[in-house]
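The values are calculated or read from the model by the stated rules, or taken from the named source; none is laboratory data. Remember, predicted model here, so these are calculated numbers, not experimental data. Glycine also receives a Cβ, built like all others from the backbone with ideal geometry; neighbour counts cover every protein chain displayed. The accessibility values were calculated without ligands, DNA or RNA, using every heavy atom of the protein model including side chains. Shrake-Rupley method; radii C 1.70, N 1.55, O 1.52, S 1.80 Å.
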Amino acid sequence: MFGKDDLVDNLSRDLDRARERRDALASEVTTLTAQIAEIEARLSEEKTRRERDRVLGEIEAIKKRIKQATGAFAPVIGKLCEAIEMAATVVPEARELNSFLLSVATEVDSVVDPLLREMDQRADAVRAGHATLDLPCSASGAPIEPSKDNSDRLLRFSVWLSRNKEVEKNETTEKPRSTAA
């Protein structure tokens, strides 16, 4: 009987040690699971922060390109108008082109500021985490080359301008109602 009691005692001790190891491992698994969840959350936050920073950088690069292009646009239009004035001494109808160019320059000036303000509002929404924009990378890349067929671009530009004017009219008519509410 002495040998049988030793076997029962040994098995009981082995069972107790196995249960202790299981409990220790279960506790460690719980701890590791919590650590993994925390690291995953931090990783997700960092990815979100980096994407937000990338989008904000892209917006700023786009704004910078618009400002540079707009700044270059006015002098080119001015020089073109001077050249057309000289041409108008020979071809009086050229003055119509001059007035068209001046109206285009005026429209560009009137549309660029609202566009930049809208971009600022979108950037603010991204900063606040209220919006995410799916912008392609490298907006600060090489300048956009004009197409060979500018007539199509002018037609699309005038459509965009008229749409923008309609939006501005709607905003001005809606503002008094929204402030009264």
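When the scattering of segment 1-105 is computed by the Debye formula from its Cα atoms alone, each counted once and equally, what is log10 I(q)/I(0) at q = 0.15, 0.24 Å⁻¹?
For the requested q values the scattering log ratios are -0.86, -1.14.
Label Val90 and Leu43 with points 7 Å out from Cα along Cα→Cβ: what is the distance between them in nm?
Each label point lies 7 Å from its Cα, and together they span 7.1 nm.
Average the reciprocal distances over every distinct pair of alpha-carbons in segment 61-109, invert the result, and give the Kirkwood radius in Å.
Values: mean 1/r = 0.0865 Å⁻¹.
For segment 61-109, inverting the mean 1/r across all distinct Cα pairs yields 11.6 Å.
Taking amide H positions as placed 1.01 Å from N in the peptide plane, with prolines and chain starts having none, which residues 5 or more places from Ala131, or on another chain, fall under 5 Å of its amide H?
When sequence neighbours closer than 5 places are left aside, the close amide H contacts are Val126.
What are the ³J(HN,Hα) couplings of segment 104-111, residue after residue, when phi is run through the Karplus curve with 6.51, -1.76, 1.60 and θ = phi - 60°? Round to Hz, x for glycine and proline.
Ordered by residue, 3J(HN,Hα) equals 5, 4, 5, 4, 4, 4, 6, 9 Hz.
Which trypsin sites (Lys or Arg not before Pro) does segment 20-107 hold that lie in a coil by DSSP with at most 10 other beta carbons within 10 Å? Could you put the intermediate results ahead of the total?
Numbers: sites: Arg21, Arg22, Arg42, Lys47, Arg49, Arg50, Arg52, Arg54, Lys63, Lys64, Arg65, Lys67, Lys79, Arg95; in loops: none.
Taking segment 20-107 and a limit of 10 other Cβ atoms within 10 Å, no loop trypsin sites (Lys or Arg not before Pro) are found.
Of the accessible area of segment 46-135, with the probe set at 1.4 angstrom, what percent is carbon plus sulfur?
Details: 3530 of 5940 Å².
Carbon and sulfur atoms account for 59 percent of the accessible area of segment 46-135.
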